[in-house]
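Working notes, structure below.
The values are calculated or read from the model by the stated rules, or taken from the named source; none is laboratory data. From a predicted model like this one, the values you see are computed outputs, not experimental measurements. Cβ placement follows ideal geometry from the backbone for every residue including glycine, while neighbour counts extend to all protein chains displayed. Protein only, heavy atoms only, side chains kept; ligands, DNA and RNA dropped before computing areas. Shrake-Rupley method; radii C 1.70, N 1.55, O 1.52, S 1.80 Å.
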Amino acid sequence: MSFSFSFYAMEDSQSVATLIGSTASKIQQLQKAFAELESQRALTLNLRWKELEEHFSGLEKSLKRRFHELEDQEKEFETKTRKAREMLQKREAAVVAKEQSSLVRLQEKRDAAVFAITNALEKHRELSSGQPADNGDNGELSVEEKQPEDIKSSFENGNLEVKSYPQLVKLCEEMDSEGLQKFISDNRKNLAALKEEIPWALKAAASPAHLVLESLEGFYPSEVDGKKDANLLGLRRTCIMLMECLSVLLSNLDMVSVLALISEDIKEQAKLIAEEWKPKLDALDMDASNGNSLEAHAFLQLIDTFGIASGFNEEELSRLIPMVSRRRQAADLCRSLGLSEKMPGVIEVLVKNGRQIDAVNLAFGFELTEQFSPVPLLKSYLKEARKASSPVKPGNASPTAQVCFLL
C-alpha cells in the first residue's frame, strides 16, 4: 500500500498537493458537523473534539512529510538519470571513435598484407617457372599507373586533354585502328599518359565505338599461340585498354550522346564479336590462367562497354570471374555487369581452388568479409604455401617466410 501511494505521488504530485491543501477545510467541516451533533445531543459522543483535531492534524503532518520526501527522491532520481544518460552518450561516442580508428588501421594492415602476399607468391612462381617478371614491358600497366576511375575523375574535372600525344587525335580522326594499335605499342613505357589522353582523343573519331571494335580484329589470330607470343599479349592488353577508355568516354556523356555512339548497329557488331569469342573461352583452364586471363577479361569488358550483357546468361558470365579475379578491374567490372549477387558463389569457388588471396580481395570489394573472414582464409593460404614450398638454401628466406615476416 505504501509503495502504491509513493508511486502515485511521483506520478501526480500536483494532485497530492491539492489534497493536502484541502485537509484544513475538511477538518473545519468536520468541526461544524461535530458541533451540530453536540447541540442536538442525539448521540452520546465518547470522543472529544480536541482529540479528533489532534488526530487529524497528526495525519496531515505525516502526509506532508512523506510527500516532500517523495519529491526529493524524484528530483534525485532525475538527476542520476540525466548524469547516467550523459555518461552513456560519452562512452558511446568514444566507442564509435575507437571502432572507426580500428577499422582504418585494419584496412591499412589488410592492404599491406594482401600486397605482400601477392608479391611473394608472384616471385615464388617466377622462381619456380624460370619466367621473367611481367613488369609492364608487354603492355601491362604497373600499380603506380592511373586506373580507369582516376582517368574518369580527371575527365569530369576538365583536366583531361591531348597534350603529350597529339598524334592520338589524328589517328582517331582518320579512324586508323591499326595505326592506333601500333602507336600504343610503340609507347608502352608511357601507358599511363596514353591512357589519360585516349578517352579525349576518341571524341575526335567519327565513330569511337566502331574504331574500338575494329581494333579487336587481331585479338584471336589463328597462326599465333597467344600464350607464348609477347606481341600478342601486348595487343590484347591494348584492346582491353581501348575498351576501358571508351567506357570512360561514354560515362561522361549524356544519355542522348551515348545512344548515338552505341547504336543498335554497333551493339549488333559487338554481339557478333562476343559470340565468336565465347566458344574459345570454354577451352580456358581456370587454374592455368590463375585469375589473370586476358581472354576472359576482354570478353567481359566487351559486353560491358557496349551494353550487351542482357544477351548472355549470368551464370555463364559468373563462371568467368575466377579467371579474372587477379586483375585489378575485376570488382568494378562485376558490379557494372550486375553480377554482385553472384559473388558469394564465385568466392567459394576461389577458396575451394586454393585461391584465398583472390577470394579475400573480392570479399573486401563486395563487403562480404563477415561471410568470408579474411584472417582464416589467409592463414589457410599460408598453410598450403608452406606445404608447397621447396627447401631453400640457408640464409635465403622462402616467399612464405617473407610473407610471414611482413605480416
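Taking a ≥ b ≥ c as the square roots of the eigenvalues of the Cα gyration tensor of the stretch 187-249, is the shape rounded (a/c under 1.5), prolate (a/b larger than b/c) or oblate? Please report the intermediate quantities before stating the final value.
Working: a/c = 3.04, a/b = 1.54, b/c = 1.97.
It comes out oblate by the Cα gyration axes.
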**OP:** Measure off, as a whole percent, the carbon and sulfur share of the 1.4 Å-probe accessible area of the stretch 166-330, all protein chains present.
**Re:** 50 percent
Subject >> Vicinal HN-Hα couplings computed from phi for the stretch 258-269 (Karplus, 6.51 cos²θ - 1.76 cosθ + 1.60; Hz; Gly/Pro x) >> reply: 5, 5, 6, 6, 9, 6, 4, 5, 5, 4, 5, 5
**OP:** Of the listed pairs 182/267; 271/342; 26/61, which have alpha-carbon separations greater than 19 Å here?
**Re:** 182/267; 271/342
Original post:
Could you give me the ³J(HN,Hα) list for the stretch 323-336, computed from phi with Karplus coefficients 6.51, -1.76, 1.60 and θ = phi - 60°, whole Hz, x at Gly and Pro?
Top reply: 6, 10, 5, 7, 6, 5, 7, 4, 4, 4, 5, 5, 4, 5
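Expressed in nm to one decimal, what extension gain is obtained for the pair residue 231 and residue 332 from 0.36 nm per residue of sequence separation less their Cα-Cα distance?
33.6 nm
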**OP:** Pop a pseudo-label 7 angstrom from the Cα along the beta-carbon direction at both residue 87 and residue 185 and give the gap in nm to one decimal.
**Re:** 7.6 nm
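Give the value in nm², to one decimal: projected area of the alpha carbon convex hull of the stretch 232-296, averaged over all directions.
5.4 nm²
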Subject >> Note, ³J(HN,Hα) from phi for the stretch 186-196, Karplus 6.51, -1.76, 1.60, rounded to Hz, x at Gly and Pro >> reply: 6, 10, 4, 5, 10, 4, 4, 5, 4, 5, 6
**OP:** Using 0.36 nm per residue of separation minus the Cα-Cα distance, give me the extension gain between residue 72 and residue 379 in nm, one decimal.
**Re:** 104.4 nm
**OP:** Quick one: Debye curve from the alpha-carbon atoms of the stretch 166-330 only, equal weights, vacuum; give me log10 I(q)/I(0) at q = 0.13, 0.21 Å⁻¹ to two decimals.
**Re:** -0.62, -1.57
Subject >> Dimensions (Å) - the stretch 274-335, Cα atoms, principal axes, largest first >> reply: 28, 25, 18
Original post:
Counting only residues 5 or more places away or on other chains, whose amide H sits under 5 Å from the amide H of residue 217 once H atoms are built in the peptide plane?
Top reply: none
